[in-house]
């Protein structure tokens, strides 16, 4: 049976209309790769600053993969690597910090699984605007800790048995190797093209250890250590599927 030219044109228009509707729903990017650089900032017993040891930040970088789920949510697998460090001697107040002069450095490699919420629902970047987002999840941090108590002024602490006994206990305590962490944070991103975005992030790691710096009983055993990450970077979006474009009609 032959199809008339008028019917063929009508069918073509219907298919194109359906294709455009499906294209808006299905023809969307699903994957992203990201790279960022910045710093790790330690927060714990060896700094009096609540925001952390910004006097001794450590270089850090992040590599991550995002699987876009919806306009608002995506799943991220994140690898972070860098250094943590702090030094009592960086602080003049209170004066006993320079007399104590505990310090540490640690190489830190962290893997984490995160859920990311794009607050404006702009995961597909179809609106060229600044998009804030929040994220949180779980991870594991692998630490190689080097601690140093060689500069302690024992004469200054001669009457402080709590510190001396605590330091003796700390030096016998095995430092952690791998610890669980809970990363939480916020960021902003801005698309400079359909495939590239720039981003900036700040995040905080809740930990369950007071020995990230190698010391606990000689300082503040009632509060766990923590660390933050501040970074800027780029995101590459890919995975568009153009298979739903209108096919050519033959009649």
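The values are calculated or read from the model by the stated rules, or taken from the named source; none is laboratory data. These figures come from a predicted structure and were not determined experimentally. Positions of Cβ are generated from backbone atoms using ideal geometry, with glycine treated the same way; all protein chains shown enter the neighbour counts.
Here are a few things to note about the model shown:
- When 208, 163, 215 are screened for being at pLDDT 95 or above and touching a helix residue (DSSP H, G or I) at 6+ places or on another chain (Cβ under 7 Å), only 215 passes.
Yes or no, residue by residue, for (1) in contact (Cβ under 8 Å) with a residue 40 or more places away in the chain; (2) closer than 28 Å to residue 170 by Cα; (3) in contact with a strand residue (DSSP E or B) (Cβ under 7 Å, 6 or more places away or on another chain):
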{"residue": "78", "(1), (2), (3)": "yes, no, yes"}
{"residue": "87", "(1), (2), (3)": "yes, yes, yes"}
{"residue": "94", "(1), (2), (3)": "yes, yes, no"}
{"residue": "99", "(1), (2), (3)": "yes, yes, no"}
{"residue": "111", "(1), (2), (3)": "no, yes, yes"}
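- Lone qualifier among 218, 150, 193 - being closer than 20 Å to residue 118 by Cβ, part of a loop (DSSP other than H, G, I, E, B) and more than 21 Å from the chain's Cα centre (by Cα): 193
- Condition check for residue 50 on (1) surrounded by 14 or more Cβ atoms within 10 Å (Cβ to Cβ); (2) free of Cβ contacts under 8 Å to residues at least 12 places away in the same chain: one failure, at (1).
For (1) within 19 Å of the chain's Cα centre (by Cα); (2) at pLDDT below 60; (3) closer than 30 Å to residue 193 by Cβ; (4) surrounded by 22 or more Cβ atoms within 10 Å (Cβ to Cβ), each residue gets a yes or a no:
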| site | (1), (2), (3), (4) |
| --- | --- |
| 226 | yes, no, no, no |
| 230 | yes, no, yes, no |
| 234 | yes, no, yes, no |
| 246 | no, yes, yes, no |
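- Meets criteria (modelled with pLDDT under 95 and either out of contact with any strand residue (DSSP E or B) (no Cβ under 6 Å at 6 or more places or on another chain) or under 18 Å from residue 52 (Cβ atoms) (or both)) for residue 121: yes
- Lone qualifier among 3, 37, 14 - being over 30 Å from residue 163 (Cβ atoms), at pLDDT 95 or above and surrounded by fewer than 20 Cβ atoms within 10 Å (Cβ to Cβ): 37
- Subset of the range 68-90 [surrounded by 14 or more Cβ atoms within 10 Å (Cβ to Cβ) and farther than 16 Å from residue 41 by Cα]: 68, 71, 72, 73, 74, 75, 76, 77, 78, 79, 89
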